[in-house]
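What follows is a short report on a single structure.
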Amino acid sequence: MQLFHSAASPFVRKVVVTLHETGQLGDVELLNVQTTPIKSAPEILAHNPTGKIPALTRPDGPALYDSRVICRYLDARKGAKLYPASRIWDVLTLEATGDAIMDATVAMTYERRVRPAEQQSDEWIEAQWAKAARAISALNTRWMSHLSGRLDMGHIAIGCALGYVDLRHDARAWRKGNDALAAWYERFAERESMRATHPG
Ligand SMILES: N[C@@H](CCC(=O)N[C@@H](CS)C(=O)NCC(=O)O)C(=O)O
């Protein structure tokens, strides 16, 4: 299988952490690509009409996208139980929360890096950060019990989302007022899968 990859993408990192955690790293070749909302890499378009990464080619059917589909496929392929039936709705909601933090903060990065300076909107960027900040605060107040349990896909999504905020939006100081989540992330970032995929 081949994974369209960029080390800085938190969505791609979810997939690569999942490969590590489920022992499937050797089954996938990483293909580094550069793609942006206004300039899609042509080699991705052949597999994913949206031009986004991650996308995973596989021997038993058409390529898979997006990260949630790929991670679920990899989990099923190995029977890894990162989506345990007993708490599936919590896991999916937690994964969606991580993805929402990524959506908002990746959009902030694109606004500054890809959109021409005269079209950039500070108001829009602040509104995106407000989404991410509310989600981070909700994790700190409502999700710590879940996060301290057995590893599942929700944990991986949150770890990758917070890693991306550190990478691109460190100045926002997300740890302030979110002590429990900050302590959890400190430990989570020490996992071998997270250390091996650190984008810095
Ligand atoms: N919902 C998608 C989001 C993927 C995504 O936004 N990837 C970014 C890189 S971090 C991308 O490919 N952007 C290029 C574009 O928007 O065309 C997923 O979970 O895979």
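The values are calculated or read from the model by the stated rules, or taken from the named source; none is laboratory data. Source: prediction; values computed, not measured. Reconstructed Cβ throughout: ideal geometry from the backbone, glycine too, with neighbour counts over all protein chains shown.
Within the stretch 43-61, can one find any residue that is under 24 Å from ARG195 (Cα atoms), touching a residue at least 12 places away in the same chain (Cβ under 8 Å), over 12 Å from the mean Cα position of the chain (by Cα) and more than 12 Å from the ligand (Cβ to nearest atom)?
Checked the stretch 43-61: no residue is under 24 Å from ARG195 (Cα atoms), touching a residue at least 12 places away in the same chain (Cβ under 8 Å), over 12 Å from the mean Cα position of the chain (by Cα) and more than 12 Å from the ligand (Cβ to nearest atom).
Among (1) within 10 Å of the ligand (Cβ to nearest atom); (2) in a helix (DSSP H, G or I); (3) crowded, with 17+ Cβ neighbours inside 10 Å, which single condition is MET108 missing?
Status for MET108: all satisfied but (1).
(1) touching a residue at least 60 places away in the same chain (Cβ under 8 Å); (2) within 27 Å of ASP170 (Cβ to Cβ): which one isn't true of ARG87, the others all being true?
(2) is the only condition that ARG87 fails.
Take the conditions surrounded by fewer than 17 Cβ atoms within 10 Å (Cβ to Cβ) and more than 13 Å from the ligand (Cβ to nearest atom) and apply them to ILE88. Does it pass?
So ILE88 fits the description; yes.
When you scan the stretch 25-40, how many residues do you find that are more than 12 Å from the ligand (Cβ to nearest atom) and either farther than 11 Å from LEU56 by Cβ or small (Gly, Ala, Ser) (or both)?
Within the stretch 25-40, residues that are more than 12 Å from the ligand (Cβ to nearest atom) and either farther than 11 Å from LEU56 by Cβ or small (Gly, Ala, Ser) (or both) number 3.
Inside the stretch 115-200, counting only helices (runs of 4 or more DSSP H) that do not spill past its ends, which hold 3 or more residues that are at pLDDT 95 or above and of a type in the set (Asp, Glu)?
In the stretch 115-200, 122-142 are the helices (runs of 4 or more DSSP H) which contain 3 or more residues that are at pLDDT 95 or above and of a type in the set (Asp, Glu).
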